[in-house]
Amino acid sequence: MLANLLDFDLEGLAAYCDSLGEKRFRATQLLRWIHQRGAGDFAQMSDLAKSLRDKLAGVAEIRPLKVISEHSSADGTVKWLFDVGNGDAIETVFIPEDDRGTLCLSSQAGCAVGCRFCSTGHQGFSRNLSTGEIVGQLWHAEHQLRRGQPGAPERVERVVSNVVMMGMGEPLQNYAALLPALRLMQGDHGYGLSRRRVTVSTSGMVPLIDRLREHCPVALAVSLHAPDDALRDQLVPLNKKYPLGQLLAACKRYLAAAPRDFITFEYCMLDGVNDSLAQADALVRLVRGAGVSCKFNLIPFNPFPASGLSCTPRARILAFAERLQAAGIVTTLRKTRGDDIDAACGQLAGEVQDRTRADQRLRRIPIAILQPAPRV
């Protein structure tokens, strides 16, 4: 099979060029053509010697993801469904705002974590994506959005200003492919994004949070969703392996290298489950006791039939937010975007050939603990 050059960061591509008897500077030329100019054909790369272009055409390619569908929301959000082979498909979402363009990337076909409130987790897990499949989502979105409508002149300014690893999958479970992808996103010859503008979201892979801190400390978002281990065990099964004490200690360690002076805690608002004022107070005690500088991002739950859950009413979400803010914790309420095309948080499902029998496993999870809690 031909080598896919989307799989390589600078060091990887330099090593590949060396294996072809080419000098290192060829790697920087190739990266600029592929990622900055969106070239998909070696014949376009006019400053490469023809002999090198011919050589590359025989051994390598820039392999794009196959687009199954593209949907645009009334609010400008765009969602792509990409075919990644063997019956698997992944979803990618672009969210335009006045001051930024955020691209939400998938890291796996499905997800093995199985969070109670996430439709991807209910779907099960098929496989990790390659670096080229992760970066290929960014490559397609950036250069298609630059071109705009068919026949329109290509835009020269960057369209994607922020990348969040918050699509399908647990990014840190695919660390080997994620790391070169993050380096490509930040590299001067790639997409040139600052560390502050690249966010990895995790459900709490403690050892890999530490590795990310050492290797490529980008902005970190942690899916918290509960103020205590008993409830989080039910909502985020990974908590049984890495409970809150270990997770918050890893977050505190991460801050020493992080590009921002806080960790973002994602908190999905579930009616009668994790949304009482007593639970807001417990969250304050939790993060203060751990000494973690943080902000909370409250996420209205996007219901789907298999979850058995519903979203907290807006008035109660605002009261929850006010309680955190009164304690001095920066708290934001995520605006729901793209829900008319199922592109909102927790809705990405794609099409996955489940290898984990997730449906049977999730049906065995008791829901007694998820009944309405007393109001405080």
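The values are calculated or read from the model by the stated rules, or taken from the named source; none is laboratory data. Please read these numbers as outputs of a predicted model, since none were measured by experiment. Neighbour counts are summed over all protein chains in view; Cβ atoms, including those assigned to glycine, are modelled from backbone coordinates with ideal geometry.
From the residues in segment 208-223 that are touching a residue at least 40 places away in the same chain (Cβ under 8 Å) and either touching a Phe, Trp or Tyr at 6+ places or on another chain (Cβ under 6 Å) or part of a helix (DSSP H, G or I) (or both), which one is surrounded by the fewest Cβ atoms within 10 Å (Cβ to Cβ)?
Going through the qualifying residues, I end up with 214.
Residue 96 is checked against (1) closer than 18 Å to residue 162 by Cα; (2) in contact (Cβ under 8 Å) with a residue 24 or more places away in the chain and fails just one. What number does that condition carry?
(2)
Residue by residue through segment 307-317, note down the ones that are surrounded by 15 or more Cβ atoms within 10 Å (Cβ to Cβ), outside any strand (DSSP E or B) and not β-branched (Val, Ile, Thr).
Those that are surrounded by 15 or more Cβ atoms within 10 Å (Cβ to Cβ), outside any strand (DSSP E or B) and not β-branched (Val, Ile, Thr): 307, 309, 316.
Being within 31 Å of the chain's Cα centre (by Cα) and of a type in the set (Gly, Ala, Ser) is the requirement here; does residue 43 meet it?
The answer is no for residue 43.
Looking for whichever is farther than 24 Å from residue 112 by Cβ, small (Gly, Ala, Ser) and part of a loop (DSSP other than H, G, I, E, B) here; the options are 258, 226, 280. Which one fits?
258
For segment 65-79, enumerate the residues that are of a type outside the set (S, T, N, Q) and in a loop (DSSP other than H, G, I, E, B).
Across segment 65-79, the qualifying residues are 65, 74, 75, 76.
Is segment 142-153 home to any residue that is modelled with pLDDT of 95 or more, in contact with a strand residue (DSSP E or B) (Cβ under 9 Å, 6 or more places away or on another chain) and buried (at least 22 other Cβ atoms within 10 Å of the Cβ)?
no
Matching residues to (1) touching a residue at least 12 places away in the same chain (Cβ under 8 Å); (2) outside any loop (DSSP other than H, G, I, E, B); (3) of a type in the set (A, V, I, L, M, F, W, C); (4) touching a strand residue (DSSP E or B) at 6+ places or on another chain (Cβ under 7 Å):
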site: 32; (1), (2), (3), (4): yes, yes, no, no
site: 35; (1), (2), (3), (4): yes, yes, no, no
site: 47; (1), (2), (3), (4): yes, no, no, no
site: 63; (1), (2), (3), (4): yes, no, no, yes
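Does any residue of segment 329-338 turn out to be crowded, with 19+ Cβ neighbours inside 10 Å and at pLDDT 95 or above?
The answer is yes; a qualifying residue exists.
Being at pLDDT 95 or above, part of a helix (DSSP H, G or I) and of a type in the set (S, T, N, Q) narrows it down to one residue among 297, 274, 239; which is it?
239
Among (1) surrounded by fewer than 21 Cβ atoms within 10 Å (Cβ to Cβ); (2) closer than 25 Å to residue 120 by Cα; (3) of a type outside the set (Ser, Thr, Tyr); (4) touching a residue at least 60 places away in the same chain (Cβ under 8 Å), which single condition is residue 189 missing?
Status for residue 189: all satisfied but (2).
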